[in-house]
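Engineer: Okay, here's the structure, questions in a sec.
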Amino acid sequence: MIKFSKAITAGVLACTLAASAAAHAADVTIGALFPLSGPNGSYGDIFGSGVNLAVEHINADNLLGGKLSIQYEDSQALPQAGVIGMNKLVNVQKVPYVLSAFTGVSKAISTIATRTKTVAVNGGGVGPDLAELGQYFWNMIPLANYEVRAIIPYLVNERKMKNFVLVYVDDPLGQAIKKEMEAALPTAGGKLLEALSVPATAQQFGGIAARVRAANPDVIYVASYGSQQSQIVKQFRDNGIKQQFASYTAFSIPQINAQSEAVGSLYTSQDIGWESQDSVTKRFVDDYKKKYNRMPTAYIANYYNCVRLFGLLAQQLIKKGLPVTGENLLKQRLETKTFDMVGGQVVFAENGTVSMPIQINEIDGRGGKVVRAAGK
Amino acid sequence: MLLLQLLINGVQVGALYALIAVGFSLIFGSTRIFHFAHGSAFTIAAYVFYDLVSIEQIHWLIAVLGASVAAVLFGLVLNRFVYVPIQKHEGSFFTVFVASFGVGIIVQNLCGMLFGRAFVAVNSPLSQSMELLPGLYVAPLSGIAIIIAVVFFVGLQLFLSRTHTGMAMRALSENPELVRAYGLSPRRLSMTVFALGSFLAVPAALLSAAGSGLNPAIGHHVMLISLAATIVGGVGSLRGAACAGVLLGLAENLSLAWFEPQWSEAITFIVLFLFILFRPSGFFGRVTAS
């Protein structure tokens, strides 16, 4: 009798465990390698707001039949810390899909992604080299070469500003932008008077302002990010520099848009029709505004799209009864071709990078305005 | 004109570096505690000042007082509840350093959580430059930084040489046992050293909040400069730390006349390296034989 009751207990226990396992069979964790501390920590908050909203939407729609969760790791926007975080995500958490940010970090982790067949998706780094990091590295953002090529003709031809000084952070992103400017400026009829590189940790720019003033340019193109770009803008203006500032998507973050010294700055970003009435964009914009009480930016939309892309691909794989692995996600992406995302339909080029139209914006102290729409 | 501009910028930056370095050097020289969290006292003072002036809209004089109290309290609490217990258990120099480093990381993250991780600055017309000569721009803040550095340094020298507490603090670095023999408490003197050293970080913190702006990680940079200035100036020499701070600020800025800005920070460490190689005792440090 005792043996029989023990057998029943064991059976009930086994059934409970099996039921529990079945209930969580489709629970999936993906990774996010964002700077959560250090001078670029504010980007982690910005990117994370898009990621978290996408996770909420995917779970609310029960897209995967189980719960999707995110494991965040702090890259500090540094390649070394990024590699440590990536190893943890891939080897300990065994995630099939990792969100990446910053050119240096993305380049550093791409080899791990390829070796372990883990998909890494970048929604924030814009170094042109990111298009060449192998089939497991995807970019959900147009890269800097497209941004530089969009703003130079506008400044030279329409604003009649021909003389440029480039102040760039000495990392793969800054070097790529310098290379692009050196190639694009002479073709457009402009001239690069000086290219001044600054270390990623530099915080004093009074002396560099003196060099810029001595060069007397029409435009100062700032290729930096995070706190440093804000410090450059403030200290340059404080040091009597009145010329036009120009930059790339990095200027779209709220902190620089709220900075009085940055008013009048021009920057490129991908064109996202925030007013679009398609269901994906409308839901994203409405829910983001409701949750954060402000308009989203391109970065936020990109990381929302990165997670949404995972949701769509994983949903297809689950329907087919295939495991959600990096290898299968890649196959599914190549098979599906187009995706309904925030901002419209997205198509990946062969190198795994999306192509999107670029617009030129101006910081006006009131949330920014588009001064040149995409495709014009 | 570029050289003159860089020279003025160098003196201003150097004055700030000198103020920070003197505080660190005072603490390290007197107590032999490698107070890595000195950068955190700077960060705390700067953020408290920013919060009181820009967020709470309180008069700047009260904000200065608030920032000073916060920095001094931080130094005192850290000494009493972290360094003293470690030393009581005969923790090594390295243990103290790791504890201090850990506190620095905690403060950085706390500031990020409380004030946000984005760049912030105290808006002040004093940070805006005026054209004194054609092509020569100087902000009132530059003059203020230099005056404050001189006043603080002279005041500190007078305090250390003319008051009993100051002389006891100097003696503490030489021979704590002798200090005890004279009926003084080395622990109480250490507390005074930490209070004073942390207070010395305040003016530079406030000037940085208005001049270059802040982010929670700013303390690390401050610490690197303090360390370099302390070694270049000679460990324990306040005069040396002050001169080295100015030298590093000048080197960082004047190098821009000939080199890429990329090299300006490296110049600091080239200067440090040259001193370690050719004059390991620094500007005014004493050569000791082991």
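Engineer: Structure shown: which of A:LYS67/A:LYS88; A:LYS107/A:LYS234; A:LYS160/A:LYS242; A:LYS160/A:LYS369 lie over 23 Å apart, alpha-carbon to alpha-carbon?
Structural biologist: On the way: A:LYS67/A:LYS88 21 Å; A:LYS107/A:LYS234 30 Å; A:LYS160/A:LYS242 16 Å; A:LYS160/A:LYS369 20 Å.
Where the Cα-Cα span goes over 23 Å, the pairs concerned are A:LYS107/A:LYS234.
Engineer: Taking H as built 1.01 Å from N, whose amide H comes closer than 5 Å to the amide H of A:ASN361, not counting residues under 5 places away?
Structural biologist: Excluding prolines and chain starts, which carry no amide H, the hits are A:TYR267, A:THR268, A:SER269, A:VAL371.
Engineer: If you average the C-alpha positions of segment A:188-238 and of segment B:199-265 separately, how far apart do those two centres end up, in angstrom?
Structural biologist: Going from one Cα centre to the other spans 21 Å.
Engineer: Please return the longest range in chain A lying between exposed loop sites, taking GluC sites (Glu not before Pro), DSSP loop only, at most 15 other beta-carbon atoms within 10 Å, and leaving the sites out.
Structural biologist: The answer is A:1-274.
Engineer: Can you give the average number of partner chain beta-carbon atoms within 10 Å of each beta-carbon in peptide A:227-238, as a whole number?
Structural biologist: Details: counts 10, 3, 1, 6, 8, 1, 2, 7, 7, 0, 3, 13.
The shielding value for this peptide is 5.
Engineer: Amide H neighbours of A:LYS67 under 5 Å, at least 5 residues apart or on other chains, H built in the peptide plane: list them.
Structural biologist: Sorted by chain and number, the residues that satisfy this are A:ASP27, A:VAL28.
Engineer: Right, another one. Whole-Hz ³J(HN,Hα) for each residue in segment B:229-238, computed from phi via Karplus 6.51 cos²θ - 1.76 cosθ + 1.60 with θ = phi - 60°, x for glycine and proline: what do you get?
Structural biologist: Along segment B:229-238, the couplings run 5, 5, 6, 5, x, x, 4, x, 9, 6 Hz.
Engineer: Sticking with this structure for a sec: I'd like the chymotrypsin sites (Phe, Trp or Tyr not before Pro) in segment B:106-204 restricted to DSSP loop residues with at most 10 other Cβ atoms within 10 Å, sorted by number. It would help to have the intermediate numbers written out before the result.
Structural biologist: Numbers: sites: B:PHE115, B:PHE119, B:TYR137, B:PHE152, B:PHE153, B:PHE159, B:TYR182, B:PHE194, B:PHE199; in loops: B:PHE119, B:TYR182.
Here the chymotrypsin sites (Phe, Trp or Tyr not before Pro) that fit, given the DSSP loop and packing criteria, are B:TYR182.
Engineer: What stretch of chain B, leaving out the sites themselves, is the longest with no trypsin sites (Lys or Arg not before Pro) in a DSSP loop having at most 16 other Cβ atoms within 10 Å?
Structural biologist: In short, B:33-285.
Engineer: Another question, then. According to the square roots a ≥ b ≥ c of the eigenvalues of the Cα gyration tensor, what is the shape class of segment A:186-254, taking rounded for a/c under 1.5, prolate for a/b larger than b/c otherwise, and oblate for the remainder? Could the numbers behind the result be given before it?
Structural biologist: Working: a/c = 1.65, a/b = 1.21, b/c = 1.37.
Judged from the Cα gyration tensor, segment A:186-254 comes out oblate (a/c at least 1.5, b/c at or above a/b).
Engineer: Related question: Sequence gap at least 6, Cα distance under 8 Å: using those rules, report the relative contact order of chain A to the nearest whole percent.
Structural biologist: On the way: 707 pairs, mean separation 63.4, N = 376.
Reported relative contact order: 17 percent.
Engineer: Tabulate in residue order the Karplus-calculated ³J(HN,Hα) for segment A:246-259, using 6.51 cos²θ - 1.76 cosθ + 1.60 with θ = phi - 60°, rounded to whole Hz; enter x for Gly and Pro.
Structural biologist: So the J values, rounded to whole Hz, are 9, 7, 10, 3, 4, 7, 7, 6, x, 4, 7, 5, 8, 8.
Engineer: Please identify the trypsin sites (Lys or Arg not before Pro) of segment A:109-217 that satisfy two criteria: DSSP loop assignment and at most 11 other Cβ atoms within 10 Å. Which are they?
Structural biologist: Sparse-neighbourhood loop trypsin sites (Lys or Arg not before Pro): A:LYS160.
Engineer: What's the angle, to the nearest 10 degrees (0 to 90), between helix A:326-336's Cα axis and the longest principal axis of chain A?
Structural biologist: With both axes taken from Cα atoms, the answer is about 70 degrees.
Engineer: Further question on the same structure: Near the amide H of A:LEU99, under 5 Å away, which other amide H atoms are found, from residues 5 or more places off or on another chain, if H is placed in the peptide plane?
Structural biologist: A:GLY31, A:ALA32, A:LEU33, A:VAL121
Engineer: Tell me the angle of helix A:298-320 to the major Cα principal axis of chain A, expressed in degrees between 0 and 90 and rounded to the nearest ten.
Structural biologist: Once rounded, one gets 30 degrees.
Engineer: Hey, another quick one. Between A:VAL92, A:VAL55, A:VAL285, which gets the highest mean-square fluctuation from a Gaussian network model of chain A, Cα cutoff 10 Å?
Structural biologist: Sorting by GNM fluctuation, first place goes to A:VAL92.
Engineer: Using the Cα gyration tensor of chain A, with a ≥ b ≥ c the square roots of its eigenvalues, what is the shape: rounded (a/c below 1.5), prolate (a/b larger than b/c) or oblate (neither)?
Structural biologist: Because a/c hits 1.5 or more and a/b exceeds b/c, chain A counts as prolate.
Engineer: How would you classify the protein assembly as shown from its alpha-carbon gyration tensor, with a ≥ b ≥ c the square roots of the eigenvalues: rounded for a/c under 1.5, else prolate if a/b is greater than b/c, otherwise oblate?
Structural biologist: oblate
Engineer: Taking θ as phi - 60°, what are the ³J(HN,Hα) couplings along segment B:53-66 by the Karplus curve (6.51, -1.76, 1.60), each to the nearest whole Hz, with x for Gly and Pro?
Structural biologist: So the Karplus estimates, Gly and Pro as x, are 7, 8, 8, 7, 6, 8, 4, 4, 5, 5, 5, 4, 4, x Hz.
Engineer: Which loop-located trypsin sites (Lys or Arg not before Pro) does segment A:227-261 contain, where loop means any DSSP state but H, G, I, E or B and the Cβ has at most 10 other Cβ atoms within 10 Å?
Structural biologist: A:LYS242
Engineer: Taking the alpha-carbon centroid of each part, what is the distance from segment B:1-61 to segment A:113-153 in angstrom?
Structural biologist: One Cα centre to the other: 40 Å.
Engineer: Highest GNM mean-square fluctuation, chain A, Cα pairs closer than 10 Å: which of A:ALA202, A:ALA258, A:ALA188?
Structural biologist: Answer for the Gaussian network model of chain A: A:ALA202.
Engineer: For labels at B:SER92 and B:GLN157 in the simple 7 Å Cα→Cβ model, what's the distance in nm?
Structural biologist: It is 3.9 nm.
Bear in mind these aren't lab numbers, they're just calculated from the coordinates by the rules spelled out. Bear in mind that the values here come from a model prediction, so they are computed numbers and not experimental data. Ideal geometry is used to build each Cβ from the backbone, glycine not excepted, and the neighbour counts take in all protein chains shown.
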